[in-house]
Each structure stands twice: as structure tokens, then as C-alpha cells.
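My questions will all concern the structure given below.
The values are calculated or read from the model by the stated rules, or taken from the named source; none is laboratory data. From a predicted model like this one, the values you see are computed outputs, not experimental measurements. As a convention, Cβ positions derive from the backbone with ideal geometry for all residues, glycine included, and neighbour counts pool all protein chains shown. Side chains included, ligands, DNA and RNA excluded: accessible areas come from the protein's heavy atoms. Shrake-Rupley method; radii C 1.70, N 1.55, O 1.52, S 1.80 Å.
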Amino acid sequence: MSVDPRTTVLDRLWSPFEGQSGSRRSLLLMSPLILFELLVFVVPFLLLVRISFSEQSQGLPYAEGTFTIASYVQVLQSELLQGIIAYSFKLGIIATLLTVVLAVFYAYATWRASGVQKSALLFSVVLPLLTTLVIKTYVWVPLLAPNGTANSLLLAVSLVQAPLQMVPNTFGVVIGQVYIVFPYAMLAIYSVLTTVEWELVEAARDLGASRTRSFFAVVLPEIMPGITVATVISFAWSVGAYSAPALLGAGSDRPFALEVQEQMLVNFNWPIATALSTVMLVLMFVSILVIYAVLGRFGGDVANAT
Amino acid sequence: MPRNVERLGTAAFRIGYIAIFVVMLLPLGIVVATSFSASGNLQFPPQALSVQWYSAFFADVVWLRAFDNSLVAGIGTTVVATFMGITAAFGLEAHRGRFGSILTPIVILPLLIPPVILGVTLLVYFSRLGLRSSYLSIILAHSLWATPLVFFVMQSVFQRFDWQLRDAGMDLGANPIRVFVHVILPNVKSGILVSALLAFIISLQEFVMALFLSNYQTQTIPVLAWNSLRQSLTPIVSVVSTFLILVSVVGLLVAALATNIEFVAKRLS
């Protein structure tokens, strides 16, 4: 019998693992990823927090080895930065509400579709999801500009008399941001929808419920977990939006991501940039907990009522 | 009367989802269309057609270097993310240790953090390590996003795998690595292909972290596209965008053929 050289290599590879228990082996297999998350995610965040407590320095990004809460005081007291934080949240809330409502609708339509139609609807969200943010943002400039495609159409059918100012404007930012987060929200809801049994809806309709009623009473409570995930993703990314406000927004409406980028890469004021990032992370984390609590209760109540 | 109302409702429903379908895909079509524009302005529909911006792209060393950088980052991310994602998913599924419950949330968390904050955090960290603007820093940053996708694709692939086949192999005296290569691998290779493709595409398209972590020498295509857009809207950006869209379309079609689009779509959420 000839020995396949590949299998001897595999036997040699195995020898160090021999004699170890199943859970030790499992840990060994997971260790590259655990180590990676520790070194590239956990430790960097600890360093971020540490630098946010450093003194600001003239010539250097930050003064090493110092400890002060000055940057936090500055972030929390500055009216400019408060305005920036408020604008980020405003943008987050508007974009999230629009995205989630549209995503529920589109996910439902995709769930009800079949065959080629279903594949086409899925393709229409997966392709933009896998396309760079840069494209998804700048394409709205020629579309929404005063002499752009949308305005030409509106003027041609006499819906408006003068071109609408859509970019640079918060309107354009919201459109761009919804376009960016919509695929993620839609797929989060869609994956939960596919676990719902259509027979339940049919039963409700047989019992006389209208289509709208059967949706709100039967489908909606079932997909609350998906809606919660969609809300959290849309909110987190829209509060942290960078590309849409940078390219489609007016200079006066600045969300925190633009401010952080400027402090970090233009002003080299790392303590302010990291303190602002930390404050935003804490605020977003609290908001996400609130979203979970509110939507969780809502879902629970509806589930109990039916 | 109720019949009519119902028909009206159906029509409104259909118009609604067709409208969203068009709005989702039309912008990408417009990008492709503007890349063939004869004028230097970005407008749709283009007044006259030409391929001059394509020749401009291939004549520009800065764009070509960005292309190489994207390739290096993409391949590096694919290797790192696929290795870590597969081993972790396999470890979790094959042995069910107690670390699974901590691993999943930690792996998801980077996806929920705005990329600007991740960019700042990693810039601070990699500067400290002396890795600022290196390919390695970009690859590790992109792996933070690509690995969860590989992990979830492979987790669901391993869940569907018939583990009795593994046990049979073990009973016949093969060691676990041999069983993995000869029994498990042939059954999960389409899953590996899909996750590798997704990892590559994620890295190729990501730009906020890369913006923070790269410099003029190491900037990737989306970063260079972004920087040139901020100066002027030139059709050359539409040319590279067309290439990027094309890569995603082809990758997606291959992934959909290897499994199906529904499988791919659900893993992305």
C-alpha cells in the first residue's frame, strides 16, 4: 500500500494536539480569533480611553504620561461640540425611522415574492451592500444637484417651478444615509421573516382580518427581533455617519464623525478626538440599551395580546 | 367595492416595492453610465459617450498603485479573515466549548461601531506600535469586519454538515485533521469560497478605516477616489467605481452559484 504524502503531513500536524480534551481543542481552534479580537479590538480601545485622559500638547498629538479630564470637560462644555453631538443624534433618529419603515415593507415584499422575482429583490439589496460607501454617497451629487437629474425631472413635469435645494443639505444627507444603511436593515428583518409561517397570516385572514390588520397583529410581533437589530444597526451607523454628511451636507451641519476626523488628522489634537469618540460611544451604547428595552417591551406586549 | 379596494392595495404594494428596487439599483447604473461620459463634468444622462476616462485611468500611475494597494489589502484580509473565521467556527461547532457564548458578541461588536471611531482607535494603536500607514494595519482593520462574516457563513455551513460522517472517519482511525481535510473540507468548500469572496469584497470596498490608516503610498482605490472627489467630481472616479461594482457583481454571481443568493443574503445581516 502506498502512503499518500499529504496524509503523513496531516498526521504530523495533528501530533501536538494529541491527548488534549475536546474543549481544550475547541479553545485552541478559537484562539487565533480570540487573540485577534483582544489585540486589534479590545487593547486599542483601552488605549483610546487612556489617550482621551492625556493632556493636549502643542507640537505632539498628545502629551504622553499625563493624566487629566480636561478634554472631557471641554467636550461637555463646548456649545459647538454639543451642537455637533445633537446634530449626530438628530440625523441618526431621522435616518433610522425612515430606513426601518422602508426596510420592513421591502423585506415583506421579498418574503412574499418567489422564484426569479425574489432573487432580483435580494440582489437589489446585496449588490449595494457590497459596494463602497464612496460610490453610494457621491452618486447622489449629480442626481440631487440643482441642475441634476431629479430636478430636471421635477421641472419637466412642472411639479416645481424652481430647482429644489437638496444638496448640500440635511435632506441630501438623509437620502444618502438611508441608501447606505437600508440593505443591512432590510436583510436583518428579512432573515427573521423567513422563519415566520405564512399559514399563520392565512389563518388570520380566514378569520376575517384585513391584510393590514393581519400584518400588524400576526407578522409584526413575530419579526420584532429583526426590527430591533435593524434599528440598532441603522442608528449606530447613522449617528456615526461620515461619508454622507461630508459630501452631501452643508458645512454648518456637522456630525461628530467629521469633527473627530478633523481633530485627528488635521488639528492633531488626539485627546479631544478620542474624548469625543468615547463620549459618543457611551451615549450610543446607552441609546442602544434604550432601543432594546423599548422595542423588546413593545414586542412582548403585542405578543401577549395575541 | 371591497374588491376594488383590495386591487388598489395590491397595486400600491407593487408600485412601492418596484420603486424601492429601482432606487436601490439605479444609482449604480448611473455611476456606470457617467464613466462613459465625454465631458469632464459628472452629469446624468451624459451628453456624449467616450472611453477617454478609461484610458486616463490606465495611464495614471497613482490610480494603478492604488489598484495594487487594494489588491494587497484584499488578499491579505481574505487570508487572515478566512483562516480565523473557519478555525473559530469549526472549534465552536465541533466541540461546543464554553467560550462560544463570549466569542460571538465580541466578534459582532466591531460591526456595530461607527467606522470613524474604529479608524481613530486603530490609528492611535498602530501609531504606537510603529505600524502606521502599513499594509498590515489596513489588513488587520479590514479583518475586524471581514472575519465576522466568514465566521457566520462557516458557522451555518458547519451546522448543516452531517457530523456522523466525521465520527465515521474517526472510527476508521483517521486523525481529526485528516478527517477535516478528507471528509469535512469537500463538503464545506462552497461555503469557504463564499466567505473568502465576501472577505475580499469587504476589504476592497471599505474606505473609512482605510482613510485613517493609509498614506499616499498605501492608499486603496476607495480612499483615492474619495480624496479626488473632494477636489472635483471627475468621471475617472466613475471609471474606478465601475470596476468596483463589476467585482462585486461577479463575486456575488459566483457566490450565488456556489450556494444561492438567499443563503448569501441572510449571512450578511
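Residue by residue, here is whether (1) more than 30 Å from residue A:45 (Cα to Cα); (2) modelled with pLDDT of 95 or more; (3) over 19 Å from the mean Cα position of the chain (by Cα) holds:
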position: A:205; (1), (2), (3): yes, no, yes
position: A:208; (1), (2), (3): yes, no, yes
position: A:218; (1), (2), (3): yes, no, yes
position: A:221; (1), (2), (3): yes, no, yes
position: A:256; (1), (2), (3): no, no, no
position: A:270; (1), (2), (3): no, no, yes
position: A:292; (1), (2), (3): no, no, no
position: A:304; (1), (2), (3): yes, no, yes
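Hey, among the residues in the range A:9-62 that are over 17 Å from residue B:129 (Cβ atoms) and among the charged types (D, E, K, R), which one's modelled with the highest pLDDT?
The extreme case among them is A:55.
Scan the range B:111-135 for residues that are touching a residue at least 12 places away in the same chain (Cβ under 8 Å), open to solvent by 10 Å² or more (accessible area, probe 1.4 Å) and in a helix (DSSP H, G or I) and jot them down.
B:111, B:115, B:135
Report yes if residue A:124 is at the interface with chain B (Cβ under 7 Å from one of its Cβ atoms), at pLDDT 90 or above, on the phi < 0 side of the Ramachandran plot and open to solvent by less than 10 Å² (accessible area, probe 1.4 Å), otherwise no.
Criteria met by residue A:124.
Limited to the range B:162-196, what total is found for residues that are open to solvent by less than 50 Å² (accessible area, probe 1.4 Å) and within 14 Å of residue B:259 (Cβ to Cβ)?
Number satisfying all stated conditions: 7.
Keeping to the range A:127-160, report how many residues are in contact (Cβ under 8 Å) with a residue 12 or more places away in the chain, among the β-branched types (Val, Ile, Thr), more than 8 Å from chain B (Cβ to nearest Cβ) and open to solvent by 10 Å² or more (accessible area, probe 1.4 Å).
Total meeting the criteria: 0.
Just checking, which of B:248, B:269 is under 25 Å from residue B:193 (Cα atoms), modelled with pLDDT under 90, touching a helix residue (DSSP H, G or I) at 6+ places or on another chain (Cβ under 7 Å) and surrounded by 16 or more Cβ atoms within 10 Å (Cβ to Cβ)?
B:269
Regarding the range B:46-58, can at least one residue be identified that is within 14 Å of another protein chain (Cβ to nearest Cβ), without any contact (Cβ under 8 Å) to a residue 24 or more places away in the chain and either among the hydrophobic types (A, V, I, L, M, F, W, C) or in contact with a Pro (Cβ under 8 Å, 6 or more places away or on another chain) (or both)?
no
In addition: What is the number of the single condition among (1) open to solvent by 20 Å² or more (accessible area, probe 1.4 Å); (2) under 25 Å from residue A:87 (Cβ atoms); (3) within 14 Å of chain B (Cβ to nearest Cβ); (4) part of a helix (DSSP H, G or I) that residue A:192 does not meet?
The one condition residue A:192 does not meet is (2).
A follow-up question, please. Can you tell me how many residues in the range A:219-249 are of a type outside the set (Phe, Trp, Tyr) and open to solvent by 30 Å² or more (accessible area, probe 1.4 Å)?
4
Which members of the range B:136-151 meet the condition of being more than 7 Å from chain A (Cβ to nearest Cβ) and open to solvent by 10 Å² or more (accessible area, probe 1.4 Å)?
B:136, B:139, B:145, B:149
Inside the range B:257-266, can you point out the residues that are facing chain A (nearest Cβ under 9 Å) and in contact with a helix residue (DSSP H, G or I) (Cβ under 6 Å, 6 or more places away or on another chain)?
Selection gives B:261, B:264, B:265, B:266.
Okay, residues lined up against (1) within 27 Å of residue A:243 (Cβ to Cβ); (2) under 14 Å from the mean Cα position of the chain (by Cα); (3) without any contact (Cβ under 8 Å) to a residue 40 or more places away in the chain:
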{"residue": "B:170", "(1), (2), (3)": "no, no, yes"}
{"residue": "B:189", "(1), (2), (3)": "no, no, yes"}
{"residue": "B:197", "(1), (2), (3)": "yes, yes, no"}
{"residue": "B:233", "(1), (2), (3)": "yes, no, no"}
{"residue": "B:239", "(1), (2), (3)": "yes, no, no"}
{"residue": "B:245", "(1), (2), (3)": "yes, yes, no"}
{"residue": "B:253", "(1), (2), (3)": "yes, yes, yes"}
{"residue": "B:259", "(1), (2), (3)": "no, no, no"}
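Right, something else. Which one of the conditions (1) among the β-branched types (Val, Ile, Thr); (2) open to solvent by 30 Å² or more (accessible area, probe 1.4 Å); (3) farther than 13 Å from residue A:272 by Cα does residue A:73 fail to meet, given that it meets all the rest?
All conditions pass for residue A:73, except number (3).
Restrict the check to the range A:161-177 and report whether at least one residue is within 11 Å of chain B (Cβ to nearest Cβ) and part of a helix (DSSP H, G or I).
Yes, there is a match, as at least one residue in the range A:161-177 is within 11 Å of chain B (Cβ to nearest Cβ) and part of a helix (DSSP H, G or I).
How many of the residues in the range A:22-61 are closer than 16 Å to residue B:127 by Cα, at the interface with chain B (Cβ under 9 Å from one of its Cβ atoms) and open to solvent by less than 50 Å² (accessible area, probe 1.4 Å)?
Final tally of qualifying residues: 8.
Given (1) exposed (fewer than 15 other Cβ atoms within 10 Å of the Cβ); (2) within 12 Å of another protein chain (Cβ to nearest Cβ), where does residue A:186 come up short, assuming only one miss?
Condition not satisfied by residue A:186: (1).
Another question, then. Pick from the range B:95-110 the residues that are within 7 Å of chain A (Cβ to nearest Cβ) and open to solvent by less than 50 Å² (accessible area, probe 1.4 Å): which of them is modelled with the highest pLDDT?
Selected residue: B:110.
For the range A:103-119, what are the residues that are in a helix (DSSP H, G or I), open to solvent by 10 Å² or more (accessible area, probe 1.4 Å) and more than 7 Å from chain B (Cβ to nearest Cβ)?
Once the filter is applied, which keeps residues that are in a helix (DSSP H, G or I), open to solvent by 10 Å² or more (accessible area, probe 1.4 Å) and more than 7 Å from chain B (Cβ to nearest Cβ), the range A:103-119 yields A:104, A:108, A:111, A:112, A:115, A:116, A:117, A:118.
Consider the range A:195-215. How many of its residues are within 14 Å of another protein chain (Cβ to nearest Cβ) and open to solvent by 30 Å² or more (accessible area, probe 1.4 Å)?
The number of residues fulfilling the criteria is 8.
Could you go through the range B:68-82 and let me know if any residue there is more than 30 Å from residue A:289 (Cβ to Cβ), modelled with pLDDT under 90, surrounded by fewer than 20 Cβ atoms within 10 Å (Cβ to Cβ) and not hydroxyl-bearing (Ser, Thr, Tyr).
Looking for residues that are more than 30 Å from residue A:289 (Cβ to Cβ), modelled with pLDDT under 90, surrounded by fewer than 20 Cβ atoms within 10 Å (Cβ to Cβ) and not hydroxyl-bearing (Ser, Thr, Tyr), one finds none in the range B:68-82, hence no.
Of everything in the range B:132-166, what is charged (D, E, K, R) and closer than 30 Å to residue B:208 by Cβ? Give them in sequence order.
B:132
Here is a follow-up. List every residue pair whose Cβ atoms lie under 6 Å apart, where the two residues are 6 or more positions apart in sequence or sit on different chains, the first residue falls within the range A:208-230 and is within 18 Å of residue A:96 (Cα to Cα), and the second residue, located anywhere, is of a type in the set (Gly, Ala, Ser) and crowded, with 16+ Cβ neighbours inside 10 Å.
If the second residue must be of a type in the set (Gly, Ala, Ser) and crowded, with 16+ Cβ neighbours inside 10 Å, the pairs left are A:224/A:299; A:226/A:188; A:229/A:188; A:230/A:103; A:230/A:185; A:230/A:188.
Also: Output the residue which, of all residues in the range A:76-89 that are closer than 20 Å to residue A:268 by Cβ and open to solvent by less than 60 Å² (accessible area, probe 1.4 Å), is farthest from the chain's Cα centre (by Cα).
A:78
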